[in-house]
Ligand code: 6GU
């Protein structure tokens, strides 16, 4: 069997185990490391397979083109942790496009002063048009501080798309004609100014990667997380139960799961009310 076929089969198996929705029966759904392990006598994931009912189309690969003046910026983020595994597993493909290669003239110029005067430089249309021309059929995002704020909903949506293009804005901005004619969506990381869109693109790549089914190491359930139900997470603790007099809340050691869940829910509401009252007001199930 070719490595590609083995890889595809392994991803299929991982998805089968991950997406059955079976209550956790105590075994590690994501632990199928080899085909022998799955097809052999090891019963760990066998019970999941017959209930596999996810359409094959969900096993898509997300391909992300990143147009940037600084491709080297991404070496770290793409090589580490869940993004690296997503790429290894074949669930994610990232194609770095060096904007400088599309620059104008001998100096590969990318920016020019704004018409009408003013400070700073503007990214010119020709290099971006040249880089974006072959990517017309992808969903094209420009990262800019004047975009819509990136949210979990944004990432959920992007994780369903086969081909994305992330354009990293730099300088004071991008010629508006690029945005009008080549960009589907403008997105910001938040209400503060960075030197460029690279950090936002790296954040988006990581946020998408961890949602892709079958990426080893992504959470068992991405359903029960901050922002999914509009509440922040509760505080968590692990051993030791007492560190130099700093004790873990007693209820967590009580073994009373009803009480524990009640405590957690209270902490989530309390923390959200204190830190992010806007989330409570904007809740999806709220009509205010
Ligand atoms: Cl996407 N770009 C820049 N330059 N600054 C930002 C941002 C993006 N999001 C927040 N600040």
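The numbers here are math on the coordinates, done by the rules we state, and not lab data. Just so it is clear, the structure is predicted and the values come from calculations on it, not from any experiment. Here the Cβ is made from the backbone with ideal geometry for all residues, glycine too, and neighbour counts use every protein chain on show.
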Practice task
Go through 60-66, 93-99 and give me the packing order, highest mean Cβ count within 10 Å leading.
Solution key: 60-66, 93-99
Completion exercise
Quick calc: nm separation of the 7 Å Cα→Cβ label points for residue 60 and residue 162 -> 0.7
Problem - Residues 198, 270, 206, sorted so that the one with the fewest Cβ neighbours within 10 Å comes first - result: 270, 206, 198
Fill in the blank from the handout: For residue 130, placing the label point 7 angstrom along Cα-to-beta-carbon and taking region 73-108, residues whose amide nitrogen sits under 19 Å are 96-108
Practice task
Mind sorting 263, 158, 246 by how few other Cβ atoms lie within 10 Å of their own Cβ, fewest first?
Solution key: 246, 263, 158
Completion exercise
Quick note on 143, 70, ordering by fewest other C-beta atoms within 10 Å, gives 70, 143
Exercise for the section: Sort 108-118, 234-244 for me by packing, meaning the mean count of neighbouring Cβ atoms within 10 Å per residue, highest on top. Expected result: 108-118, 234-244
Completion exercise
Everything considered on the Cα gyration tensor (a ≥ b ≥ c; rounded for a/c under 1.5, else prolate if a/b is larger than b/c, else oblate), region 64-137 must be described as prolate
Practice task
Could you tell me whether region 133-204 comes out rounded, prolate or oblate from its Cα gyration tensor? Rule is a ≥ b ≥ c as square roots of the eigenvalues, rounded for a/c under 1.5, then prolate if a/b exceeds b/c, otherwise oblate.
Solution key: oblate
Fill in the blank from the handout: Of all DSSP beta bridges with both partners in region 62-209, the antiparallel percent, nearest 5, is 15
